[in-house]
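Undergrad: Can you keep this structure in mind? I'll have questions shortly.
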Amino acid sequence: MKLTKLGTIGAIVAVGALALTGCAANEGAKPAPSAAPTEAPASTLAGTIAGAGASSQGAAQESWIAAFQTENPDVTISYDPSGSGAGREAFIGGGVSYAGTDSALSDDEIAGGFEGCVADSFIQVPAFIDPIAVVFNLPGVAQLNLDAPTIAKIFKGEITDWSDAAIAAQNSGWSTSGPITAVHRSDDSGTTKNFADYLSKVAPDVWTEKPADPFPYSTGTGAQGTSGVIEAVKSAQGAIGYAAASRAGDLGIARIKVGDQYVAFSDEAAAAVVAGSPAADNASATNLAIKLNRKTTNPAEYPLVLVSYLIACGEYKDAAVAPLVKAYIGYVTSAAGQAAAAETGSAPLSADQIAAVQAVVATIVE
C-alpha cells in the first residue's frame with residue numbers, strides 16, 4: 001500500500017468506521033444499558049519496557065511516562081534520550097523495545113532487519129511535529145533575519161563574524177559585530193539530519209554534503225544532545241545553534257527566509273508544511289515516514305521542521321512486551337497523549353494524523 005500523505009490512511013480509517021456504523025444500524029436498535037459505569041476498570045497491564053532515542057522527545061517522554069504509569073501502576077517504562085542514531089541502533093539490535101527518532105529509518109536499516117521483531121516486522125509512526133529553531137545569544141538583538149545560504153555559511157565556518165555583509169544586508173540598521181560561535185550536535189542526531197536536509201535543499205551550492213545524522217563539517221563547536229546545544233549557546237555571547245524549538249527557552253530565535261518573506265517558527269506553520277508534504281519513498285501501510293517539502297515558498301509554512309517518530313515491532317519475539325508497547329504508543333499518539341506533548345512545547349498531530357497513526361498502532365500483534 002503506497003501512500004501520498006498521512007491523511008490518506010486517515011481517510012481509510014474514517015471510511016471503515018462509517019461502514020461499521022452502517023452495519024450496526026441495520027442490525028436494529030439495541031436496548032440501552034441499565035447504568036453507565038462509574039469508573040474505568042483497573043489496569044491489568046504489568047511489566048517493564050525500555051526505550052531510547054531522540055533527545056528532542058525527552059521532555060515529552062517524561063510527561064507521557066508519568067501519565068501512563070499513573071493509569072497503569074504495575075508498568076515501568078524508561079526512556080534514554082541518547083540521540084536518534086543511538087536509539088535506532090539500540091532498537092535494531094534488540095536492546096530496547098521501542099525507539100524515538102527525528103530521522104526516519106533508512107532503506108539500509110530496514111533491509112538489515114530488527115533483532116527483537118518477528119520476521120523483521122516494524123511500525124514507524126509520527127509522535128509529534130517540532131520546528132527546528134536557529135537559536136542565538138546576542139544581547140540587545142531582538143530580531144535576526146537569515147536566509148538559508150547565510151545559515152549554511154555560518155555553520156560551515158565561511159561566515160565568522162556578526163558584522164558580515166551577508167547578515168547586515170538582511171537586517172536593517174544592523175551594527176552588531178564580534179566573533180560567531182556556531183554550535184552543532186556532536187552526537188548522531190536526527191535534528192542535525194533535518195537541519196542539513198533543509199540547507200542542502202534550499203542552499204545546495206553552499207551545503208554540499210549529503211544529509212546525515214553526524215554533523216558533516218569539522219568547524220564550530222560540538223555539544224551533546226539538545227540540552228547540550230542549548231546550554232552551549234546560552235553560555236557564549238555571540239553563539240548560534242540549532243535545536244528543537246520546544247527546547248529553545250528564552251534564547252533569541254532567528255526568522256528564516258521562505259519565498260520573499262522572513263518567517264518565524266510556529267506550531268501552525270510547522271504543521272502546514274507537514275500537511276502539504278508527500279510520504280517518503282519507502283513509506284507503506286505501517287511506515288508513515290514523510291518526505292518534507294523543504295523548498296516551499298509559502299510564507300504560511302515553516303520548512304525547517306522535524307517529524308519525530310516512534311519505532312516498534314509489528315510482532316515481538318518476546319510476546320510479553322507487545323501489549324505494553326502497544327498500549328503505551330497508543331496512549332502517546334492519542335488525543336490525550338498529544339495534548340500532554342503540547343504542554344512540553346511540541347506541536348501535536350492533527351485529528352486526521354492521530355487517526356492514521358492509531359490505525360497503524362492497532363496492527364501490533366499481541
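Taken together, the values in this text are just the output of simple stated rules run on the coordinates, not laboratory data. Model, not experiment: these values are computed from the prediction. Reconstructed Cβ throughout: ideal geometry from the backbone, glycine too, with neighbour counts over all protein chains shown.
Undergrad: Pairs of alpha-carbon atoms within less than 8 angstrom and 6+ residues apart define the contacts here; what relative contact order does the chain have, in percent?
TA: It rounds to 26 percent for the chain.
Undergrad: Between residue 300 and residue 141, what is the label-to-label distance in nm when each label sits 7 Å out along the Cα-to-Cβ direction?
TA: Rounded to a tenth, the inter-label distance reads 3.2 nm.
Undergrad: Which shape class applies to region 326-366: rounded if a/c is under 1.5, otherwise prolate when a/b exceeds b/c and oblate if not, where a ≥ b ≥ c are the square roots of the Cα gyration tensor eigenvalues?
TA: Working: a/c = 3.42, a/b = 1.71, b/c = 2.01.
Verdict is oblate for region 326-366.
Undergrad: Using a 10 angstrom cutoff on alpha carbons, build the Gaussian network for the chain and name the most mobile of 43, 189, 334.
TA: In the Gaussian network model the winner is 43.
Undergrad: Just the number, please: percent antiparallel of the DSSP beta bridges in the chain, rounded to the nearest 5.
TA: On the way: 26 of 45 bridges.
Close to 60 percent.
Undergrad: Follow-up. When the Cα centres of region 50-109 and region 300-366 are compared, how far apart do they sit, in Å?
TA: Distance between centres, Cα-based: 11 Å.
Undergrad: Report, in whole Å, the centroid distance computed from the Cα atoms of region 124-196 and region 244-265.
TA: Their Cα centres are 9 Å away from one another.
Undergrad: Can you tell me which of 170, 124, 353 moves the most in a GNM of the chain? Springs connect C-alpha atoms under 10 Å apart.
TA: Maximum fluctuation in the GNM of the chain, among the listed residues, is at 170.
Undergrad: Compute the Cα gyration tensor for region 37-147, then decide on rounded, prolate or oblate, letting a ≥ b ≥ c be the square roots of its eigenvalues: rounded whenever a/c is under 1.5, prolate when a/b is larger than b/c in the other cases, and oblate in all that remain.
TA: Numbers: a/c = 2.68, a/b = 1.33, b/c = 2.01.
Oblate is the answer for region 37-147, as a/c is 1.5 or above yet b/c matches or exceeds a/b.
Undergrad: Counting each DSSP H run of 4 or more residues in the chain as -39500 (n - 2.57), what helix-only mean residue ellipticity at 222 nm follows after dividing by all residues, to the nearest 500 deg cm²/dmol?
TA: -10500 deg cm²/dmol
Undergrad: In whole percent, what relative contact order does region 132-269 give with Cα contacts below 8 Å and a gap of six or more residues?
TA: Values: 258 pairs, mean separation 53.6, N = 138.
It rounds to 39 percent for region 132-269.
Undergrad: With +1 on the Cβ of every Lys and Arg and -1 on the Cβ of every Asp and Glu, and nothing else charged, how large is the dipole of the chain about its Cα centre, in debye rounded to the nearest 20?
TA: On the way: 19 positive and 36 negative charges, 132 e Å.
It works out to roughly 640 debye.
Undergrad: Sticking with this structure for a sec: Can you pull the one-decimal nm distance between simple spin-label points at residue 217 and residue 317, each 7 Å off the Cα toward Cβ?
TA: 4.3
Undergrad: Springs between alpha-carbon pairs under 10 angstrom, Gaussian network model over the chain: which of 246, 277, 218 fluctuates most?
TA: Answer for the Gaussian network model of the chain: 218.
Undergrad: Obtain the nm distance between the two label points defined at residue 46 and residue 177 by a simple spin-label model: each point lies 7 Å from its Cα along the Cα-to-C-beta direction.
TA: 7.1
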